[in-house]
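Read through the structure below, which is laid out as structure tokens, and then see the notes.
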Amino acid sequence: MTVLVVGASGFLGAEVCRQAAAAGRRVVGTYHSGAVAVPGVESHRLDVTDRAAVRALVARVRPAVVVGTPYRYADWAVTADGAAHVAYAAAEAGARLVHLSSDALHAGRPEPYGDDEPPSPIFPYGAAKAAAETAVRAIDPTAVLVRTSLILGEGSKQIQLCRDAIAGRAVLFTDELRCPIDVADLAAAVLELAGTDHAGVLNVAGPDAVSRADLGLLVARREGLDPAGMKTGTGAEAGVVRPTDVRLDSTRAAGLLRTRLRGVGEFLAA
Ligand SMILES: NC(=O)c1ccc[n+]([C@@H]2O[C@H](COP(=O)([O-])OP(=O)(O)OC[C@H]3O[C@@H](n4cnc5c(N)ncnc54)[C@H](OP(=O)(O)O)[C@@H]3O)[C@@H](O)[C@H]2O)c1
């Protein structure tokens, strides 16, 4: 069985490739400006904004499963249009699609968000992820759309931000709450979902909600760093327009999956 990972040069995409290859699958991965650094993965350059190129690659690879991860933070054409192109090509090839979505499409509020809640974006990245979901669902109602939160692990941008704040070079917000997930747990969940017929949106995040500042303290403890100089503040003070309190309720995924979705307190202590 062939798994095509679109965005295999990315943080999550690379881990999905590693796990799929370790499970003995044929894995084909795409990159855009980076490179696919996973042994045993056949790689191709692909620009997902080029609809014809996406269709041609998927038709050539003939995958059973397509995992769609690409995004660029401030680029609608990649994040929204690109997701639609991947969904169209996967449907045309009859492949099972796992599309990666984000908690950033919610506005933020004190109560956790369930799986079926419609997007309420308040900034361009959230809006692009919301548009991507709408396109993917319209093109392929059988696809599974994985809404996730901060993805952590060695090499993650989020952990690096914590290290920078501990060194006084960046600021961690106390008013921005998320439900982080370990990249290995998320990749395993993605591959497990590829083997099911679960359709529609599914929250797949960790059970613990923490602020970015709390996350900084957990990283400091894990790495034996002194957090005394860690810079913290609020997004509101910094004038950042981004959802603050976004907790995903992943109870449904936890019941559906064999993969255990560990909380950040557990996996950063491991
Ligand atoms: N990281 C998080 O904390 C987080 C949180 C919630 C949701 N998510 C979602 O999870 C998914 C994966 O995130 P990630 O952190 O693994 O992302 P990432 O490391 O930034 O990787 C992004 C991928 O998109 C590819 N890409 C960018 N522009 C492209 C284009 N024009 N054509 C084709 N590919 C293109 C990149 O390729 P090159 O590098 O080769 O250019 C890379 O492989 C995303 O859909 C994101 O929205 C992430």
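The values are calculated or read from the model by the stated rules, or taken from the named source; none is laboratory data. Source: prediction; values computed, not measured. Positions of Cβ are generated from backbone atoms using ideal geometry, with glycine treated the same way; all protein chains shown enter the neighbour counts. Side chains included, ligands, DNA and RNA excluded: accessible areas come from the protein's heavy atoms. Shrake-Rupley method; radii C 1.70, N 1.55, O 1.52, S 1.80 Å.
Would you mind working out the accessible area per residue for the chain, using a 1.4 Å probe, and quoting it in Å²?
About 42 Å² of surface per residue is accessible.
Below 8 Å between Cα atoms, with a sequence gap of 6+, how large is the relative contact order for the chain in percent?
Once normalised by length, the contact order is 19 percent.
Got a sec? Charge dipole of the chain, +1 on Cβ for Lys and Arg, -1 for Asp and Glu; which of Leu218, Leu268, Gly195 is way out at the positive end?
Gly195
Among the DSSP beta bridges whose two residues both lie in the stretch 129-252, what percent are antiparallel, rounded to the nearest 5?
20
Using heavy-atom solvent-accessible surface (probe 1.4 Å) with all chains present, what is the largest-first order of Met230, Met1?
Met1, Met230
Which percent of the accessible area of the stretch 1-141 is formed by carbon and sulfur heavy atoms (probe 1.4 angstrom)?
Roughly 54 percent of what the probe reaches on the stretch 1-141 is carbon or sulfur.
Extension gain Thr142-Arg45, at 0.36 nm per residue separation less the Cα-Cα distance, in nm?
Taking Thr142 through Arg45 to full extension adds about 32.2 nm, to one decimal.
In whole angstrom, note down how far apart the Cα centers of the stretch 1-59 and the stretch 210-270 are.
Result: 28 Å between the Cα centres.
If you take the alpha carbon radius of gyration of the chain and divide it by 2.2 N^0.38 Å, what ratio comes out, to two decimals?
0.97
So if each residue of separation counts as 0.36 nm, and I subtract the Cα-Cα distance between Ala270 and Ala170, what length gain in nm does that give?
In short, 33.4 nm is gained.
Once Rh for the stretch 203-270 is found with the Kirkwood sum over Cα pairs, what is the Stokes-Einstein diffusion coefficient at 4 °C and 1.567 mPa s, in µm²/s?
Answer from the Stokes-Einstein relation: 92 µm²/s.
Compute the acute angle (0 to 90°) between the alpha-carbon long axis of helix 157-166 and the principal axis of greatest extent of the alpha-carbon atoms of the chain; round to the nearest 10°.
Tilt relative to the chain: about 10 degrees.
Within 15 Å, Cβ to Cβ, of Val54, how many net charges do the neighbouring residues add up to if Lys/Arg are +1 and Asp/Glu are -1?
Residues close to Val54 contribute a combined charge of 0.
Calculate how many DSSP beta bridges within the chain are antiparallel, expressed in % of all such bridges and rounded to the nearest 5.
5
Let's test this: bin the Cα-Cα distances of the stretch 72-189 at 10 Å from zero up to the farthest pair and state each bin's percent.
Computed distribution, short to long bins: 13, 37, 37, 11, 2, 0.
How far is helix 124-139 tilted off the main Cα axis of the chain, in degrees rounded to 10, range 0 to 90?
Roughly 30 degrees, rounded to the nearest 10.
With viscosity set to 0.890 mPa s and temperature to 25 °C, compute the Stokes-Einstein D of the stretch 46-136, Rh being the Kirkwood radius across alpha carbon pairs; µm²/s, no decimals.
Stokes-Einstein gives a translational diffusion coefficient of 181 µm²/s.
Where does helix 11-22 land angle-wise versus the long Cα axis of the chain, in degrees 0 to 90, nearest 10?
Between helix and principal axis, roughly 50 degrees.
Quote the charge dipole size of the stretch 1-152 about the Cα centre in Debye, to the nearest 20; the model charges only the Cβ of Lys and Arg (+1) and of Asp and Glu (-1).
Computed charge dipole of the stretch 1-152: roughly 520 debye.
Once the piece of chain linking Ser33 and Ala107 is laid out straight, how much longer is it, given 0.36 nm per residue of separation minus the C-alpha distance between them?
Extra length from Ser33 to Ala107 when fully extended: 23.5 nm.
Per the Kirkwood definition applied to all pairs of different Cα atoms, how many angstroms is the hydrodynamic radius of the stretch 155-212?
Computed over the stretch 155-212, the radius equals 13.5 Å.
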